[in-house]
Every structure is written in structure tokens, then in C-alpha cells.
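Enquirer: Input: one structure, supplied below.
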Amino acid sequence: KRALEEASRHYVHLDELMDAVGARLAELTGAEWGIVTAGCAAALTHVTAACIAGADPEKMQRLPYLAGMKNEVVMPRSSRNVYDHAIRMLGVKIVEVDTKEEYLAALNEKTALVCILAGPSDKFLEEVGEATRQKGVPIIVDAAAEHLTIPNVHLKRGATMVAYSGGKCIRGPQCAGLLLGPKDLLQAAWLNSAPHHAFGRSLKVGKEEIMGMLAAVEMWVKRDHEAEWKTWDGWLGYIADRVRRIPSVKTEVLPPQGLSNRSPRLRISWDAARVGIRGDQLEKLLYENDPRIVLGGSTGGRRSTAESSVTIMPYMMVPGDEKVVGARLYEVLSNPPKMEQAAAVEASPAPVGGQWDVRLEFVRGSADHGFFLEQDGGNLSGSHRGDILSGDLRGWVEGNQVGFRSSMRYEGTRINYDFEGHLENGMLAG
């Protein structure tokens, strides 16, 4: 924070600043070069622009119109995710592959870049990294939520570049990211971003975030990570000791899987019938009241047979939070408020099966959709048709009350809908 504030007091030439910061990031991380971006997603956008247009000013000004330029990005199916939009916004086609053979066949003269999500797709990097480099195609690894490894594990495995979120594990500014890789590609990525008048002009990182991010990396290489882990274990142990005093409550420390969001987690589980509150109710109660506590997920719901549980992630906590969390969890689990239970439904489930024409009203605008509902007593299944997408739905009917959820895939993301309402006079509304 001191670095952010100090940077705000000075005028600088941003190209000179980033050049000096890039050299210092290289010293700290062992990479050839580094730049600071406006988050990891911005790094993906700038890298894509650099791999298409390089530093050619004519090509840069034409983006995102790609006639005559490379216009494909290869991604393993396991790497597809909601952040793909940061790449697709350049107008490229994402070529999705499942196997090593499909991957190698997808590389051609139109391929600008290969993007791999750290973790799920590491095998592709290890299997075909060398073949990709021989074809002259750069590989970027999206390691947004990972620990920064020095020397960098992804660059050692064969990646050309690796991108991190600044505000997650590295503890830098929330609106900053870190990009590491070869100097020429990263300098081209910088030229495709602000303050230059290129495609990435709107994805601006200021001098304050640049210096704050550098300070975070400086601190990262000095931090006692083992001591920090022991602190997290201590916080989780304190919370576990508090809640285990309650009959049927059990606790378990879950180790991290891989480098992403790397910290221990505490799982607290209990018999909801005995304690008097479900996992989803506890999560909602703690979120909506003072002090607001955001848990790392829950199990056990109104229509679920799963054991009730909640999970606590400590690496976003600060000293003293463990006492607040422990006290609040003990208070609610030992003496839960009277919770609204699902009312016994005496009436038979209303008949709602069939084809429905649907009008959706958004905060601005509206759309005409369609439901096809298949009903088996109180259970619903079927499909939801949107404007151009469609997906399966699942839900329930209790008397004249109806609820269901649907999901539609588009590129690397999913559009999820949650509907709840009632049937009256042949109309569904809610």
C-alpha cells in the first residue's frame, strides 16, 4: 500500500517505468522478462493481441479485424472456462481439442497462440510443448489463482509465457496481474495495452498498480511461506476446537490439490436433524447477518440427502478473524434459530408438464424463451431453449409451487438460470 501511495505522487514515463519494472521482475522470478497488467484476464488479451499483430502498428490498429492475420487459438477442452472471453474478444476462433493427436493436428499457419489452464491441462504442456515450440507457436499458461513458483514450474515445463492474478495468492493490488515470459513477446503485449492507442487501451494499468505489484513480488520472495502455513493451521485449529464441543459436529483439515488457491481448508460437518440447521441454511445465515462471514461452500439442502457441512478457506483471513468465525459458528450450531422448514405439501403436485412459451424480463430488455417440462410426480426434467442456445433443466413441483434450474453452454462458459414460482390459472409466474 505504501508503494501504491508513493507512486501516486510522481509523474513518470510509463514505457520507461515498465521497462525498468520488467527487468526487475526478471531478476526476482528467473523469467526472461515480466510486465504488470490490469489483472490476469488483461494479460491474456494483451498476449493474444501480441501473438496476432506483434508490434506492427498497422496490424495493431486493425484489431479485432483479422483478415490476412492469424486468427485461431488452440485450447484443450479441459482448459475452457469463463475467462476465455479475454481471448475471444480479439475475434479469434477457439479450436478445442481433447487428445494429443487432435492438438498436434490443430496447429497450422492460422494458429496464433496455444492457451492452457494450469492444473487440468498440465499433461498437454508436458506432452506436446516441444512440438509446439518447433512450429513457432507460443504457449501461454493461465495460472491466475496459483502460487508463484520460482523458478517457474510452467516455464520449466515448456510454456512460453505464464500469467497470474495480482490480487490472489501473490497479495498484490486487486486490479493488477503479472505476465512472465520472453522479452520480445512481453514488450509487444505491453505495446498492445495502455497507454498506447491499441486494442488494449481500455485495459489500463496505472503507475500505482505497477509499483504495488512489483512490491508484492518483492515481498513474495522474502515471505516465510512455512510460517504463514502454520498460522493458517492455527486459525483452523482454533475454529475446529470451538465447534467440536457441539454434539455430532466433526472437523477435518483438507490439504490443497495442486498450486491453485493453495492453502489448507477446514471442513465442518454435522447431523442436521440433530443440530437443527442444514448446511445451506448456515451458509446463508452467516452471509446475510452481521458480522458477514463468507464460507467456502456448503452441503446439505432442502432437497438434498447429503450430510450437512461448510468449508472454511483461511488465506483470505486476517489475524482475529478466526475468533470471530469460531464464536459465530459455535453460537449458531449450538443454538440455531428456528429455521423455516419445507412445509408439508398435502395437495398433489400440480400438472406442469408440456411445452411452455416463456417471457423473461431482465433489468433492461427482455427475451422470448421456451421450456419443455417432463413431470414425474414431484420431479421435473426437460429442456430450456433460449435465443440461440439450449440446455437441460432439473427441478421440482410441490403443490402449485415450481422450481427448476437450467444450464446452457457457450464457448468456455455456461449461462445458468434459476427459476422459482407458482402455477395459477394455467400460467407460470415468478
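Enquirer: Would you work out which of TRP356, LEU393, MET408 lies farthest towards the positive end of the dipole of region 342-413, given +1 charges on the beta-carbon of Lys and Arg and -1 on that of Asp and Glu, about the Cα centre?
Expert: MET408
Enquirer: What is the dipole size for region 228-290, taken about its Cα centre, with +1 at each Lys and Arg Cβ and -1 at each Asp and Glu Cβ, in debye to the nearest 20?
Expert: Here region 228-290 has a charge dipole of around 220 debye.
Enquirer: Using alpha carbons only, how many degrees (0 to 90, rounded to 10) separate the axis of helix 122-134 from the longest principal axis of the chain?
Expert: 30
Enquirer: For the chain, give the magnitude of the charge dipole about the Cα centre (Cβ charges: +1 Lys/Arg, -1 Asp/Glu; no others), in debye to the nearest 20.
Expert: It works out to roughly 600 debye.
Enquirer: Which option, (i) 1.39; (ii) 1.16; (iii) 0.96, is the value of Cα Rg over 2.2 N^0.38 Å that was calculated from these coordinates?
Expert: (ii)
Enquirer: Calculated FRET efficiency, GLU288 and ILE94, Cβ-Cβ r, R0 35 Å, to nearest 0.05?
Expert: 0.35
Enquirer: Which residue, GLY54, GLY34, GLY166, tops the fluctuation ranking in a GNM of the chain built on C-alpha contacts under 10 Å?
Expert: Maximum fluctuation in the GNM of the chain, among the listed residues, is at GLY54.
Enquirer: When the Cα centres of region 188-203 and region 50-105 are compared, how far apart do they sit, in Å?
Expert: Cα centroid to Cα centroid, the span is 17 Å.
Enquirer: Positive end of the dipole of the chain, charges at C-beta (+1 Lys, Arg; -1 Asp, Glu), about the Cα centre: which of GLY234, ALA118, MET313 has its Cα farthest in that direction?
Expert: The one lying farthest along the dipole's positive direction is GLY234.
Enquirer: If you don't mind, there's one more thing I want to ask. Roughly what angle does helix 207-222 make with the longest principal axis of the chain, taking Cα atoms, 0 to 90 degrees, to the nearest 10?
Expert: Roughly 80 degrees, rounded to the nearest 10.
Enquirer: Now, a different point. Could you please report the charge total around MET219, scoring K, R as +1 and D, E as -1 over all other residues with beta-carbon less than 12 angstrom from its beta-carbon?
Expert: Summing Lys and Arg as +1 and Asp and Glu as -1 gives +2.
Enquirer: Round to the nearest 0.05 the FRET efficiency obtained for ILE415 and ARG262 when R0 = 30 Å and r is the Cβ-Cβ distance.
Expert: With a Förster radius of 30 Å, E is 0.50.
Enquirer: Can you say what percent of the DSSP beta bridges in the chain, counting only those with both residues inside, are antiparallel? Round to 5.
Expert: The antiparallel fraction comes to roughly 80 percent.
Enquirer: With the crude spin-label approximation of a point 7 Å out along Cα→Cβ, what separation in nm comes out for LEU104 versus PHE362?
Expert: A separation of 4.4 nm, rounded to one decimal place.
Enquirer: Same structure again: Grab the eigenvalues of the alpha-carbon gyration tensor for region 283-430, scale each by 5, take roots, and send me the semi-axes largest first in whole angstrom.
Expert: In descending order the semi-axes read 35, 21, 14 Å.
Enquirer: On a 32 Å Cα-Cα criterion, which of the cross-link pairs LYS156/LYS230; LYS70/LYS204; LYS204/LYS230; LYS1/LYS135; LYS100/LYS204 come out too long?
Expert: Table pairs above 32 Å Cα-Cα are LYS204/LYS230; LYS1/LYS135; LYS100/LYS204.
Enquirer: What full-extension length gain, to one decimal in nm, is calculated for ALA347 and ARG405 as 0.36 nm per residue of separation minus the Cα-Cα distance?
Expert: Full extension from ALA347 to ARG405 adds 18.6 nm.
Enquirer: What whole-number value in Å² describes the accessible area per residue of the chain for a 1.4 Å probe?
Expert: Each residue of the chain exposes 51 Å² on average to a 1.4 Å probe.
Enquirer: For helix 279-288, what angle does its Cα long axis make with the longest principal axis of the chain, in degrees from 0 to 90 and rounded to 10?
Expert: Helix 279-288 sits roughly 70 degrees off the main axis of the chain.
Enquirer: For the chain, which whole-number percentage of the solvent-accessible area (1.4 Å probe, protein heavy atoms only) is attributable to carbon and sulfur atoms?
Expert: 50
Enquirer: Next up: Among residues other than ARG201 whose Cβ falls under 15 Å from its Cβ, what is the net charge (Lys/Arg +1, Asp/Glu -1)?
Expert: Around ARG201, the charge tally is +1.
Enquirer: Report relative contact order for the chain in percent, whole number only (criteria: Cα-Cα under 8 Å, sequence separation at least 6).
Expert: Over the chain, the number comes to 13 percent.
Enquirer: Among ALA272, ALA53, PRO291, pick out the residue whose Cα is farthest towards the positive end of the charge dipole of the chain, where Lys and Arg carry +1 and Asp and Glu carry -1 on C-beta, about the Cα centre.
Expert: Comparing the listed Cα positions along the dipole, PRO291 ranks first.
Enquirer: Quote the relative contact order of region 247-310 in percent (integer), defining contacts as alpha-carbon pairs under 8 Å separated by 6+ residues.
Expert: Reported relative contact order: 30 percent.
Enquirer: Can I ask one more? Only Cα pairs within less than 10 Å get springs; with that Gaussian network setup on the chain, which residue of ILE210, ILE239, ILE116 has the largest fluctuation?
Expert: Ranking ILE210, ILE239, ILE116 by mean-square fluctuation puts ILE239 first.
Enquirer: Now for a different question. Helix-only estimate, please: 222 nm mean residue ellipticity of the chain, summing -39500 (n - 2.57) across DSSP H runs of length 4 or more and dividing by its residues, to the nearest 500.
Expert: -10000 deg cm²/dmol
Enquirer: Still on this structure: With springs only between Cα atoms under 10 Å, which of TYR11, TYR410, TYR238 fluctuates most in a Gaussian network model of the chain?
Expert: It is TYR11.
The values are calculated or read from the model by the stated rules, or taken from the named source; none is laboratory data. None of these values were measured; they are calculated from a predicted model. FYI the Cβ positions are ideal-geometry reconstructions off the backbone, even for glycines, and counts take in every protein chain you see. Side chains are part of the model used for accessible areas, which takes the heavy atoms of the whole protein and leaves out ligands, DNA and RNA. Shrake-Rupley method; radii C 1.70, N 1.55, O 1.52, S 1.80 Å.
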